[in-house]
Amino acid sequence: MILVLPPALDEVIATSQFLLRTRREGGSVWRALWLGEGSAAEEPESLERRSRLSEILHSIETFSAPWNLLLSALVGVWLMSAPAMLRLAGAAADSTHIMGALVVTFAVVAFAEPARLVRWLNVLCGMWVLLAPWLLEGNTPAWPWISVVSGLALISLSLRCGPVEDRYGGWQRFIC
């Protein structure tokens, strides 16, 4: 279910920009919303040059996600499974489960080019994962060091934006 978020976010941003452009050009926003009419702006020619297969694969955000975000999602999956594998208990297990789920969510949302800023939330999650073993009870002897490695990996993987192939008009300044 979470994999539908990046393409949906793309559509919300595109629709919002289309409606704003229609309003600026004096068209009917209501008509543009329901019928897709009202804007004289043409699609960029660069979209015509892209092959059909390339366009289909690019529209499925998982295929165009940067490698660092895919690895961040894997770190999140690891964090969700770590309490069972390492026999963590109490607050440490709960925190690790929750952080893992948040990391996966933020990484998958950041698959979408216009939502790449969301990856910075994984830096915060990585800092918590890094510090939590010394603040929470329920650790095993190995967990603090595994947590440090996981937190540092998550932070370093979240620093890179990854390639942005499309243009998003006024939204472009918020990407990366």
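Tabulated results
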item	result
Descending principal axes extents, segment 61-176, alpha-carbon based, whole Å	50, 23, 18
For Leu157, net neighbour charge (Lys/Arg +1, Asp/Glu -1) across residues whose Cβ lies under 14 Å away	+3
Pairwise label distance in nanometres, Val77 with Glu137, each label 7 Å out on the Cα-Cβ vector	3.4
Size of electric dipole in segment 94-176: Cβ of Lys, Arg +1 and of Asp, Glu -1, about Cα centre, debye, nearest 20	280
Sequence-distant residues sharing a close amide H with Leu136 (under 5 Å, placed H)	none
In sequence order, calculated HN-Hα J values of segment 157-168 (Karplus, 6.51, -1.76, 1.60; Hz; x Gly/Pro)	5, 8, 6, 7, 7, x, x, 10, 8, 9, 10, 10
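Each value in this text was obtained by applying a stated rule to the coordinates, not by laboratory testing. What you see is a predicted model, and the numbers here were worked out from it, not measured in a lab. Glycine gets a Cβ as well: all are built from the backbone with ideal geometry, and neighbour counts include every protein chain shown.
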